[in-house]
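The values are calculated or read from the model by the stated rules, or taken from the named source; none is laboratory data. Just so we're clear, the structure is a prediction, and the values are computed from it rather than from any experiment. So basically every Cβ, Gly included, is an ideal-geometry build from the backbone, and we count neighbours across all protein chains shown. These area figures cover heavy atoms from the full protein model, side chains too; ligands, DNA and RNA do not enter into them. Shrake-Rupley method; radii C 1.70, N 1.55, O 1.52, S 1.80 Å.
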Amino acid sequence: MEYTRLGSSGLYVSRLALGTIPFGSGGGFEKIAGLGPDEARRQVDEALDRGVNFIDTANLYSAGDSERVLGEILGSRRDDVVLTSKARTPTGDGPNDGGASRLHLTRAVEDSLERLRTDHLDLLYIHQWDGQTPITETIATADELIRAGKIRYWGVSNYNGWQLAKTVYEARAAGLQGPIAHQAYYTPEAREIEYEIVPAARDLGIATFGWSPLGEGLLNGRVRRGAETPADTRQGTGWPEPHVVDRDRAYDLIELFGEIAGELGWTIPQVVISWILGRPGIDGTVIAARRFEHLTEDLDAAELTLPQEARDRITTASQLPAYYPLWHRLLNGQDRPEPAEAEFYAEQRGHVFGGDQA
């Protein structure tokens, strides 16, 4: 297992994090969760034995039951892991039962600590941007939680590039602790964060961890063109995510992953995860599985290196359009290229302009 430093902090985490969305039940997650303490303990033990030291949960998952199950099983291994959770999404129907205000975040963290049976989180993610609470209030609250010993670091999740930059610079201007990591949806089918978010994070010294590398089950190898999706998969339950703009493109990519997997003797999830771990600016990704054999399959991907030829095939086939101002910068601004975007520039030039534009 490889380890990476989270942003400009001194915190080292495994490049695969164990996600706990399958743990617990309730809160609208019944179709995709349901693992009780015994099954969850088996997953945690396997992940830690394989070198994983990063465990990811959220108060949203199964209305807090994921945290309860995780807190029950961690026990003496609590200090062996970097434990994260998330807050911001509504936990009730009241006007202050959601958001990134001081009131809600403080209450949410205290509730999470109780469920997790610990006195602190190693990393708290703000789960979504809050367009109503001043960002300075959110930053100050995170800083207060650090000073109170309730969290060690904080990060953000699902932010736009400008939101990430605003958060970092407002924290610096106030002389307060800023975020060290950003968590975002990223798969070879969904590479939108390469436009602005990853370059912003790289420039700002913020780590980027992907979530749901298999596209919430879309890329698990069981979703195929013209075939009925099995009912025992997340996509077979009618789960509304991910948002797929072009289904035909997605099926084409799945077929490509299948071809490569067959050539290498791997599985489609292993091809996908290995490709993600080799991407510029991607520090790691969060894996989660309801079935133990799927977890071990995903963990195996950390030990595999995707051949460059196969990597290039996936990168070229999945390349997204060069939207403005990217296409204009590619044509006219490469006399002074931006280091945070350099690899993405090269891929776009080769895909859109044949690689011959200066």
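Cross-link reach is defined here as a Cα-Cα straight distance under 22 Å, omitting same-chain residues fewer than 8 places apart; for residue 150 the lysines meeting it are 86.
Amide H contacts for residue 17 (H built 1.01 Å from N in the peptide plane; partners 5 or more residues away or on another chain; cut-off under 5 Å): 285, 286, 287.
Look at the alpha carbon pairs under 8 Å that are at least 6 residues apart: their mean separation over the length of segment 62-131 gives a relative contact order of 43 percent. Using C-alpha pairs under 8 Å with a sequence gap of at least 6, the mean separation divided by the residue count of the chain gives a relative contact order of 15 percent. Ligands, DNA and RNA are left out, and with a 1.4 angstrom probe the accessible area of the chain is 43 Å² per residue. Of the accessible area of segment 186-242, computed with a 1.4 Å probe over protein heavy atoms only, carbon and sulfur atoms account for 49 percent.
In order along segment 183-196, the Karplus-derived 3J(HN,Hα) couplings, from 6.51 cos²θ - 1.76 cosθ + 1.60 at θ = phi - 60°, round to 10, 8, 6, 7, 9, x, 7, 10, 10, 4, 5, 6, 5, 10 Hz, and Gly and Pro are given as x.
Tally Lys and Arg at +1 and Asp and Glu at -1 over the other residues with C-beta under 14 Å from the C-beta of residue 30: what net charge comes out? Counting the neighbours of residue 30, the net charge comes to +1. Rolling a 1.4 Å probe over the protein heavy atoms of segment 1-49, with every protein chain left in place, gives an accessible area that is 43 percent carbon and sulfur.
Computed across the chain, the Kirkwood radius stands at 21.1 Å (inverse of mean 1/r, all Cα pairs).
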